[in-house]
Amino acid sequence: MGTLTASFLVMRLELLSAMMMFFASQLHVQCRRSSRNAMAFIFTGVGIGMACWFVTGLLGITLSELLLMRHEMWEGMKQGMQFMIANTPPDLQFT
């Protein structure tokens, strides 16, 4: 019992996201059958969001790390564009 309790405490967010993915899938199917396409689209988005949350939780990626990665990628792209603009020959023909 102690092992089960410890595993539920450690995996609580992953289990929650897995259950949310399952419920979103079931609700998506029910909405498609009853021709509620807008609700089915919303549940599809919820399912995709929960899948992303599940994967980032399993990989140990936090929201702060995602924001830091986004900032580093933006800075790298900005530096690359500045490098290309600075090293472009002035007589380059775009034909």
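Computed over protein heavy atoms with a 1.4 Å probe, the carbon and sulfur contribution to the accessible area of the chain reaches 72%. You can think of it this way: the chain between Leu15 and Thr44 has 8.6 nm of extra reach, that is 0.36 nm per residue less the Cα-Cα gap. Working from Cα pairs under 8 Å separated by at least six residues, relative contact order for the chain is 25 percent.
Tell me, how many Å apart are the Cα centres for the stretch 1-34 and for the stretch 54-95? That distance is 35 Å.
Membrane-span-like helices in the chain (whole DSSP H runs, Cα extent of at least 18 Å along the helix axis, mean Kyte-Doolittle hydropathy of at least 0.0): 12-33, 37-59, 63-86. Counting only protein heavy atoms and a 1.4 Å probe, the chain has 85 square angstrom of accessible area per residue. Dividing the helix sum by the residues of the chain, where each DSSP H run of 4 or more adds -39500 (n - 2.57), gives a mean residue ellipticity at 222 nm of -28000 deg cm²/dmol. The C-alpha atoms of the chain occupy a region whose extents along the principal axes are 71, 44, 15 Å, arranged from largest to smallest.
The values are calculated or read from the model by the stated rules, or taken from the named source; none is laboratory data. This is a predicted model, so every value here is computed, not measured. We work out accessible area using only protein heavy atoms, side chains counted, and drop any ligands, DNA or RNA first. Shrake-Rupley method; radii C 1.70, N 1.55, O 1.52, S 1.80 Å.
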